[in-house]
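The values are calculated or read from the model by the stated rules, or taken from the named source; none is laboratory data. This one's a predicted model, so the numbers in the text were calculated from it and none came from an experiment. Don't worry about glycine lacking a Cβ; one is built from the backbone with ideal geometry, like all the others, and counts go over all protein chains shown. Accessible surface is based on the protein model in full, side chains and every heavy atom, while ligands, DNA and RNA are left aside. Shrake-Rupley method; radii C 1.70, N 1.55, O 1.52, S 1.80 Å.
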Amino acid sequence: MRPVLLPASLEELWPLMRDHPGAAFMAGGSDLLVRLRQGLVDPPAIIGLEGIAELGLVHDEAPGWLFLGAGASHTALLEHSLVQRRLPLLAQALAVLGSPLVRNQGTLGGNLGTASPAGDTLSPLYALEAQVELRSATGSRRLAIADFILGPGRTALQAGEIIYGAWVPLAQDWSLAHFEKVGLRQALAIAVVSLAALISLDDGGVVREARLALGSVGPTVVRPRQAEQALLGRPLDAASLKAAARLVRQEVSPIDDPRASAHYRRQVAGNLLLRLARPAD
Amino acid sequence: MTWPRPHLQLGLPPRPDALDKASGREKYACDFYPPGLLWAGVKRAGVPHARLRGLNLAAARALPGVTAVLAAADVPGVNRQGVVQKDQPVLVDDKVRYSGDALALVVASDQATLARALALIETDLEPLAPVLDPEEALLPGAPLVHPERPQGNLLLEGRVTTGQGAAALEGCAVVVEASFDLPRQEHAYLETENGWAQMGQDGRLTMVASTQTPFRDRLEVAEVLGLEPGRLRMVAPYCGGAFGGKDGVTVQSLLGLAALHAGGRPVKMWLSREESILASSKRHPARLRYRLGSDDQGRLQALEARIIYDTGPYDHLGGAVLTLGLEHAAGPYRIPHVDLHGQAVYTNNPIGGAFRGFGVPQVAAAMEQTMDLLATRLGLDPLELRRQNALKRGDVNPVGVTLAGSTGLAQCLEAVAGHRQWKEAPAWRAAAPAGQRRGVGLAAVLHGMGYGPVIPDVANAKVELTGEGVFRVYCGVVDMGQGNAGTFLQLAGLVLGQEAEGLELVLPDTDRTLPSGSSSASRTTYTFANALLPAAQALKERLLARAADALFATPAEMALVPGAVRHRPSGRTLPLAQLAKMLSPEERTATHRYRAPVVPERPSADPALQLHGLPHGVFSYAVHLARVEVDELTGLARVTGYLVAADCGQVLNPQVWEQQMQGGVAQGLGYALMEELPAPAGQPQHTDLATYLIPTALDLPPIECLAVPSWEESGPLGLKGCGEIGIDGPLPAVGNALAQALGRHLPQAPFTPERVLMALQEDGKGAGS
Ligand SMILES: Cc1cc2nc3c(=O)[nH]c(=O)nc-3n(C[C@H](O)[C@H](O)[C@H](O)COP(=O)(O)OP(=O)(O)OC[C@H]3O[C@@H](n4cnc5c(N)ncnc54)[C@H](O)[C@@H]3O)c2cc1C
């Protein structure tokens, strides 16, 4: 029988991790249990994280940063006033993640740990240039999200570490925060393409900064730097967005799978930019 | 805890079964875990076509906890099953014909041991070239699924011609032509196939299974097991959904075989979702080519239809599906000249079988989209075109049957014409925001009821006054979720003057209830209630007479009231419990057999088509309307409004009726928008419901259902069937709405974002191009 361990604090967690090398962490279990049932993983033990209250914290105590605990459920984040007020981009993504039940069960840490290119919180976190904090018995380190996620299902998490949470910089007020997920149905659908966009416009409506992050069109979330660059100094109109969209289509590297063809994903990855068009003043 | 008894007022919610189901008290077949339970499961082929050279069962047999490992040679009776053609092995003996074929059966002490034992079975399969395309399957030299059949891969071919047939197209002022490609659809019922069985010490086998057809199953399983049917008892609790997928044996023969080797212990078998998707029957994929001609006023003149159904490796009910499709291929219109030709073709793909709609959604998709092509060509309003040609009572339908009974299509069309969703359609379309296209589409459909002219469409009802003075209704036909059992209770209560306290229900059980056919074919309530009402009436008359005798009165002076018979002039009552004691069990029981009428016309002299159900005489009708919004950036088509106006005769329970319409429409919208189970290399591409998508609540619009009730003379209290008419229309209604939005028809369903976007781009009109 596979032991299931339920530490109530980080202090209880560390020795369990030492004694059960190779144990799988389980937060909400909404990814892990699926993989267990499919026989894709067979860990010697499972360590449940849900009893560690500290992992569920959300706060803005560090000036300029918002901290989102790995154990916070998607529902808890979605309902949190700090997330609603300060991170509308993430809130938009959380609102279409899975279904109410999956949002109650799933956590931010689990979405990061799964590191799927379709993870709905990931493209917003890339656009926000969030950092991931990892903790171990002996210390803590922070990595840019793009350095934390290495590939589909692969992260920089090392033995002895857990995902502690995400730090999101609050430096900027964005003129536009837009998230859109294209799935094959309106709920319980994995993204076929997703776009997280943060745009800062000057008073004349000209783009000062643009951050784009696309999900499900490559092994990890894609930041199409050339497209971002191409928008700078231009109004957010159809012409400039179409030009950027062409670059997006070159910068993504989608694959065919049963949900959609690479061709469709590439087209739509570009098309979604057009949703950002703002009527000229 | 005491539970409130549901009230039983015909016409008022809630359904009598609602509370027990919602609270979890109702037991489905899968809810039984008798003590000492063993588990059975099978090794599936996993390849679409192969010769079975051998099986090595030794390692599985040697595993501790394994009770039995069985192969084809262990089947004591006939190792072939099937409703019409017995062409499906219980366990493969010579050859694998699809990936889901069962090779060996294991009985074990628990599920983990079962899984281990199945993994230990070694198979020796010699691959054969599979035949996967139904058109290629008909070419000379194609691999043969059943080499012994003289007709090769053709399961059944049918042709119906009237008037001058296709030749009449020559004389038409306008002819439109189109092809359609329709997907394989999975039933996706909540309760996967399962049951449990036990061999009793008396040598009788009892089986509880999730099935639509307990009486037919009994005969089939008995033949497989080499037992007298009387030694089998089949019990059919409420089903957790079936939609045709449990019309025929699923686990039953295997389960029976397992029980013969279980040493008298109960055995349970329950397919996982993955196994269910691999092995179960599906809606037939179909390819259709239509040519439709009219005069310059839009009066339909001639239709040529060419239809191919991919029936997979076994008949299942493929021949019957083809035949019903053929009969409905020309839609609910007057067309004097038709040439309808259809083929059901064997392949090594998943099994095509019964699925709500039964061949009709495919032909309705073709006919109704072709109608819109014609309307466009003629510059006619699509509703007007349908109005002009709609069948009325007294007309001869396209296959030559006089519609002598209720025919409410014209009224359905009027209901839609007068409805806000239709009247406001032009304004709504014009108000589409930038980047969006809108369309509103219609489909008019009909659906025949019952088994047709040859196979007796029979129900046998039985009602008993128990020794305790309660009326027991013996329901011989399954309730798979549609609510018919509750309606039967209500109908009995209506005739017998009883409230819920005075009535009980016995669900289908071959030892207790009487054979009443399948829960299918829009015939369940129609046929069974036609038997039940006279049975209840006969019992009532007998009880009134016997009570009158006891009180030295006349029957006319007596009335059945809740729990008693009352002598009306004096007010004296005789409690039913007391009356029951005065009667023998025979006197307390009434039965009635009903056989649905058949029509005298024979559109085809082919006895095979007649056997498979051609023609029908009673039809339900409906007009569907879908509002569709298309996003130009993603190709996502969303149905944002839906209306169905349906003539299903009289509506006994508006809530149950609406649930049937909404459920059918929802499943039909899945078929239109997202449901598709391709089988590249004969292997279902989706293994579970994470990638085989069915609509969620958010994918469905509000579905407005308008009852347009006619009075069907042959129906019980004027009703007709309503189980399938809801699923026949959504795909063409959505297709027509999309065509309006895109400026062209999409030949291939479902209308996924990818297909829609490609259509937008090919027009060079996509916003992102
Ligand atoms: C029906 C369904 C629908 C879904 N829909 C969506 C969707 O629309 N969008 C989407 O993005 N996802 C979706 N998912 C996936 C899943 O719900 C999310 O990825 C969710 O965020 C996972 O969180 P969890 O807490 O349940 O993770 P778990 O399953 O508990 O864990 C996932 C992985 O992360 C690891 N892990 C978890 N917490 C930590 C930690 N603190 N430190 C280190 N490792 C950790 C686990 O060991 C495991 O490998 C869906 C899943 C299901 C079952």
### Query
Hey, does region A:16-23 have a residue that's in contact (Cβ under 8 Å) with a residue 60 or more places away in the chain and outside any loop (DSSP other than H, G, I, E, B)?
yes
### Message
So in region B:326-349, with the set limited to residues that are polar (S, T, N, Q) and under 21 Å from the mean Cα position of the chain (by Cα), which one is surrounded by the fewest Cβ atoms within 10 Å (Cβ to Cβ)?
### Response
B:Q343
### Query
Out of all the residues in region A:187-236, which are free of Cβ contacts under 8 Å to residues at least 12 places away in the same chain and either within 12 Å of chain B (Cβ to nearest Cβ) or within 14 Å of the chain's Cα centre (by Cα) (or both)?
A:A189
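Return yes or no: is A:L33 farther than 16 Å from A:P7 by Cβ, open to solvent by 40 Å² or more (accessible area, probe 1.4 Å), within 14 Å of another protein chain (Cβ to nearest Cβ) and not in a loop (DSSP other than H, G, I, E, B)?
When the stated conditions are applied, A:L33 passes them.
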### Task
Find the strands (runs of 3 or more DSSP E) located wholly in region B:1-116 whose residues include 3 or more that are buried (at least 20 other Cβ atoms within 10 Å of the Cβ) and within 24 Å of the chain's Cα centre (by Cα), and list them.
none
### Message
Just checking: which of the helices (runs of 4 or more DSSP H) contained wholly in region A:60-117 hold 2 or more residues that are out of contact with any helix residue (DSSP H, G or I) (no Cβ under 7 Å at 6 or more places or on another chain), away from every other protein chain (no Cβ under 14 Å) and within 15 Å of the ligand (Cβ to nearest atom)?
### Response
A:108-114
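Table: residues versus (1) under 22 Å from the mean Cα position of the chain (by Cα); (2) more than 30 Å from B:G483 (Cβ to Cβ); (3) open to solvent by 30 Å² or more (accessible area, probe 1.4 Å); (4) within 14 Å of chain A (Cβ to nearest Cβ).
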position	(1), (2), (3), (4)
B:G668	yes, no, no, no
B:E675	yes, no, no, yes
B:A681	no, yes, yes, yes
B:L689	yes, no, yes, yes
B:T696	yes, no, no, yes
B:W711	no, no, yes, no
B:L731	yes, no, no, no
B:L738	no, yes, no, no
B:A741	no, yes, no, no
### Task
State which residue is nearest to B:A375 (Cα to Cα) when the search covers only region B:164-220 and only residues that are charged (D, E, K, R) and in a loop (DSSP other than H, G, I, E, B).
B:R184
### Query
Quick one: which of A:L184, A:L170 is more than 24 Å from A:D60 (Cβ to Cβ) and more than 11 Å from the ligand (Cβ to nearest atom)?
A:L184
### Task
Identify, from the list A:S136, A:S140, the residue that is outside the structural domain of A:L198 (by TED's automatic domain parsing), closer than 19 Å to A:E61 by Cβ and either acidic (D, E) or within 14 Å of the ligand (Cβ to nearest atom) (or both).
A:S140
### Task
Kindly indicate which of A:G56, A:G39 is modelled with pLDDT of 95 or more and either away from the ligand (no atom under 11 Å from the Cβ) or closer than 15 Å to A:A166 by Cα (or both).
A:G56
### Query
For B:L292, are the conditions met, namely being modelled with pLDDT of 95 or more, over 21 Å from the mean Cα position of the chain (by Cα) and closer than 30 Å to B:P336 by Cβ?
yes
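For region A:166-207, how many residues are aliphatic (A, V, I, L, M) and part of a loop (DSSP other than H, G, I, E, B)?
If we filter region A:166-207 for residues that are aliphatic (A, V, I, L, M), which is where we start, we get A:166, A:168, A:170-171, A:176-177, A:182, A:184, A:187-193, A:195-199, A:201, A:206-207.
Then keep just the ones that are part of a loop (DSSP other than H, G, I, E, B); that gives A:170-171, A:184, A:187-192.
The number of residues fulfilling the criteria is 9.
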#### Entry: Residue list for region A:187-200, restricted to those being more than 16 Å from the ligand (Cβ to nearest atom) and of a type in the set (A, V, I, L, M)
A:A197, A:L198, A:I199
### Message
So in region B:698-709, with the set limited to residues that are of a type outside the set (G, A, S) and outside any loop (DSSP other than H, G, I, E, B), which one is farthest from the other protein chains (Cβ to nearest Cβ)?
### Response
B:L706
### Query
Looking at region B:521-529, is at least one residue among the polar types (S, T, N, Q), at pLDDT 95 or above and under 19 Å from B:Q9 (Cα atoms)?
yes
### Message
So A:S175 ticks every box in (1) of a type in the set (S, T, Y); (2) more than 14 Å from every other protein chain (Cβ to nearest Cβ); (3) within 16 Å of the ligand (Cβ to nearest atom) but one. Which box is left unticked?
### Response
(3)
### Query
Of the residues that make up region A:198-210, is at least one open to solvent by 60 Å² or more (accessible area, probe 1.4 Å), modelled with pLDDT of 95 or more and hydrophobic (A, V, I, L, M, F, W, C)?
no
### Message
Can you report the number of residues in region B:635-652 which are farther than 17 Å from B:L731 by Cβ and crowded, with 24+ Cβ neighbours inside 10 Å?
### Response
5
